[in-house]
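Remarks on the structure that follows.
Coordinate-derived values only; no laboratory data. For clarity, every value in this text was computed on a predicted model and none was experimentally measured.
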Amino acid sequence: MTDQWEPKILAFLCNWCSYAGADLAGTARIQYPPNIRVIRVPCSGRINPLFILKALQNGIDGVLVSGCHPGDCHYISGNYIGRRKSATLKRFLEYLGIEEGRVQFSWVSAAEGVKFSQVVHEVVQDIKKLGPAKRLVKRSLEFGVRSSEIKNRDSEL
């Protein structure tokens, strides 16, 4: 038995396009790596960057955000909003010391099961090259107070 590391990847997929593309890949029996765990969201524009930060904080090695192609969003401009959030988050993650490539964005339509499979393969390979992620450390925002003291104080409430 080998102890070869395999990345854990979380994918936020738009319900109207990317999730349907993933579903098409599954029903057409198109193979893609099992490293990915999918969360279906109404729109890529609705993904709060804190969801991605929490995922990285809790041991996820990479995150994929996938939405509708430009001009095809069910909510008109949601995919553009999602793309802007993703670009801003990437700059913030770089500031935190998280490698570029840990968070990736793609466009996949409902008819692109093969493309979804290709995107997943690429993301898995990119994350494997980066290696295991360093966990983001949760730090207290209250200066001079240890996080254990905050936990004790909160449990008393």
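Gain in length, SER77 to GLN31, computed as 0.36 nm per residue apart minus the alpha-carbon separation, to one decimal in nm?
Details: separation 46, 0.36 × 46 = 16.56 nm, distance 3.12 nm.
Length gained, SER77 through GLN31: 13.4 nm.
For the chain, the 222 nm mean residue ellipticity estimated from helices alone, with every DSSP H stretch of n ≥ 4 adding -39500 (n - 2.57) and the total spread over all residues, rounds to -13500 deg cm²/dmol. For the chain, dividing the convex hull volume of the Cα atoms by the residue count gives 159 Å³ per residue.
What number of lysine-lysine pairs in the stretch 9-156 show an alpha-carbon separation below 29 angstrom, given a sequence spacing of 8 or more or placement on distinct chains? Pairs that pass both the separation and distance tests number 24.
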